[in-house]
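Engineer: I have a structure I would like to understand better, so I am pasting it below and will then ask my questions one at a time.
The values are calculated or read from the model by the stated rules, or taken from the named source; none is laboratory data. From a predicted model like this one, the values you see are computed outputs, not experimental measurements. Neighbour counts are summed over all protein chains in view; Cβ atoms, including those assigned to glycine, are modelled from backbone coordinates with ideal geometry. Side chains included, ligands, DNA and RNA excluded: accessible areas come from the protein's heavy atoms. Shrake-Rupley method; radii C 1.70, N 1.55, O 1.52, S 1.80 Å.
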Amino acid sequence: GESVGLHLPTLSVQEGDNSIINCAYSNSASDYFIWYKQESGKGPQFIIDIRSNMDKRQGQRVTVLLNKTVKHLSLQIAATQPGDSAVYFCSEETSGSRLTFGEGTQLTVNP
Amino acid sequence: DVKVTQSSRYLVKRTGEKVFLECVQDMDHENMFWYRQDPGLGLRLIYFSYDVKMKEKGDIPEGYSVSREKKERFSLILESASTSQTSMYLCASSLLGLGRGTVDYGYTFGSGTRLTVV
């Protein structure tokens, strides 16, 4: 069935380094993708989105890359800070306005 | 600031109780969703609604029902709570036509309700 998965459940980086969080999706018909950040005790928050007619989109310190050929998404965080420690979810719009979420990657930033 | 508000952060209920989880959004969003979140399983969709008095089953609707009498309110009901329903429950809302508007922020989530059934 349709699913979105992540390659790694955990990622640990040093403060100031760049982080790359990867995600594979299975539905080649998906045309909208969103990354969410979930801090402890909070609901997921929108970080950045990308449509299938793009292969890259940049925000503030974050970049999302989309490779439709291999059905792969990645989230890059520049100069990772302690406040970036959270669980990151990728998601894809599978039908209508319905999103399917990956299992999440726990990012830990070490001082 | 746009908001999705879930009525309780923590709930403890007994097996067999009928449980109501309430969610209210102030963004005039058409779509509302209920997810549960469990370690290693990510977010799984229970029910969703595109309009008042309308509901659709998600991936794991068994043991749950929903009610949407007003556009801003979407309630999740556990008809007879079981220990397997101990989880974090997340409500979300979005504009109709996700990903097709000029400004899209996907889903806006509430802070979650951590339900423990004993």
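Engineer: Which of (1) in a loop (DSSP other than H, G, I, E, B); (2) touching a residue at least 40 places away in the same chain (Cβ under 8 Å) does B:Ile77 not meet, given it meets every other one?
Structural biologist: Unmet condition: (1).
Engineer: Does at least one position in region B:84-96 carry a residue that is exposed (fewer than 14 other Cβ atoms within 10 Å of the Cβ), within 18 Å of A:Ser97 (Cα to Cα) and either of a type in the set (Phe, Trp, Tyr) or in contact (Cβ under 8 Å) with a residue 40 or more places away in the chain (or both)?
Structural biologist: So far as region B:84-96 goes, yes, one or more of its residues are exposed (fewer than 14 other Cβ atoms within 10 Å of the Cβ), within 18 Å of A:Ser97 (Cα to Cα) and either of a type in the set (Phe, Trp, Tyr) or in contact (Cβ under 8 Å) with a residue 40 or more places away in the chain (or both).
Engineer: Could you please give the count of residues in region A:35-82 that are over 21 Å from A:Glu103 (Cα atoms) and out of contact with any Lys or Arg (no Cβ under 9 Å at 6 or more places or on another chain)?
Structural biologist: 9
Engineer: Every residue in region A:85-103 that is open to solvent by 10 Å² or more (accessible area, probe 1.4 Å) and not in a strand (DSSP E or B), please.
Structural biologist: Across region A:85-103, the qualifying residues are A:Ser85, A:Gly96, A:Glu103.
Engineer: Could you give me the residue pairs with C-beta distances under 7 Å whose first residue belongs to region A:80-97 and is within 9 Å of chain B (Cβ to nearest Cβ), whose second residue is of a type in the set (S, T, N, Q) wherever it lies, and which are 6+ apart or on separate chains?
Structural biologist: Here the result reads A:Phe89/A:Gln38; A:Ser91/A:Thr100; A:Glu93/A:Ser30; A:Ser97/B:Asn31; A:Ser97/B:Ser94, each pair linking region A:80-97 to a residue that is of a type in the set (S, T, N, Q).
Engineer: Output yes when any residue across region B:60-67 is within 11 Å of chain A (Cβ to nearest Cβ) and either within 22 Å of B:Arg114 (Cα to Cα) or assigned to a strand (DSSP E or B) (or both), and no when none is.
Structural biologist: no
Engineer: Sticking with this one: Does A:Val70 count as over 27 Å from B:Ser93 (Cβ atoms), in contact with a Ser or Thr (Cβ under 7 Å, 6 or more places away or on another chain) and either in contact (Cβ under 8 Å) with a residue 40 or more places away in the chain or not basic (Lys, Arg) (or both)?
Structural biologist: The answer is no for A:Val70.
Engineer: From the list B:Val117, B:Val19, which residue is in contact (Cβ under 8 Å) with a residue 60 or more places away in the chain, away from chain A (no Cβ under 13 Å), more than 15 Å from the chain's Cα centre (by Cα) and surrounded by 19 or more Cβ atoms within 10 Å (Cβ to Cβ)?
Structural biologist: B:Val117
Engineer: So, one more: Tally up the residues in region A:33-45 that are within 7 Å of chain B (Cβ to nearest Cβ) and either within 10 Å of the chain's Cα centre (by Cα) or in contact (Cβ under 8 Å) with a residue 60 or more places away in the chain (or both), please.
Structural biologist: Total meeting the criteria: 1.
Engineer: Hey, can you tell me all the residues within region A:58-72 that are within 14 Å of another protein chain (Cβ to nearest Cβ) and over 25 Å from B:His29 (Cβ atoms)?
Structural biologist: Listed by number, the list holds a single entry, A:Leu66.
Engineer: Residues that are in contact with a strand residue (DSSP E or B) (Cβ under 7 Å, 6 or more places away or on another chain) and farther than 30 Å from B:Ser8 by Cβ: does region A:37-47 have at least one?
Structural biologist: No, region A:37-47 has no match at all.
Engineer: Could you list all residues from region A:67-84 that are assigned to a loop (DSSP other than H, G, I, E, B) and open to solvent by 30 Å² or more (accessible area, probe 1.4 Å)?
Structural biologist: A:Lys68, A:Thr69, A:Val70, A:Lys71, A:Ala78, A:Ala79, A:Gln81
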